[in-house]
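The values are calculated or read from the model by the stated rules, or taken from the named source; none is laboratory data. All of these numbers come straight from a predicted model, not from anything done at the bench. Backbone-built Cβ (ideal geometry, glycine too); neighbour counts: all protein chains shown.
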């Protein structure tokens, strides 16, 4: 799969994909005879993992550390798990904060809707 197709499918720009490859988040992608990147299924899984983790708020630095640990092998499983647990904890806190914001917005919307309804009822009563 060409980089333009991967970009379209993943929602990442081609420049971002090249950058992630350059800094080692994505291993070097095989190239065809013309030197054009040719992403395979495993490359796509890595791209999707990186996209998902970035969307969850993981920094490039944390992802780089995680990828380095993966490359070191099974002796780093515990360290990788700790990184994921810490990132999960941070994401859960962010979700809780966002839920509180959503609840506040819902409350404010209800206040305005009730105020409008009350005004409409007052207008109807005046017209009678």
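Go through the residues of segment 46-57 one by one and say whether even a single one is modelled with pLDDT under 95 and outside any helix (DSSP H, G or I).
The answer is yes, given that some residue of segment 46-57 is modelled with pLDDT under 95 and outside any helix (DSSP H, G or I).
If the requirement is being without any contact (Cβ under 8 Å) to a residue 24 or more places away in the chain and assigned to a loop (DSSP other than H, G, I, E, B), which of these qualifies: 7, 34?
34
Working only within segment 12-27, note down all residues that are assigned to a loop (DSSP other than H, G, I, E, B) and either modelled with pLDDT of 95 or more or surrounded by 17 or more Cβ atoms within 10 Å (Cβ to Cβ) (or both).
12, 13, 25, 26
Looking at (1) touching a residue at least 40 places away in the same chain (Cβ under 8 Å); (2) not in a helix (DSSP H, G or I), which is the one condition that is false for residue 64?
(2) is the only condition that residue 64 fails.
Across segment 45-59, which residue is surrounded by the most Cβ atoms within 10 Å (Cβ to Cβ) among those that are within 27 Å of residue 1 (Cβ to Cβ) and touching a helix residue (DSSP H, G or I) at 6+ places or on another chain (Cβ under 7 Å)?
47
So if I check each of 82, 75, 97, which one is within 30 Å of residue 27 (Cβ to Cβ), surrounded by 10 or more Cβ atoms within 10 Å (Cβ to Cβ), at pLDDT 95 or above and more than 15 Å from the chain's Cα centre (by Cα)?
82
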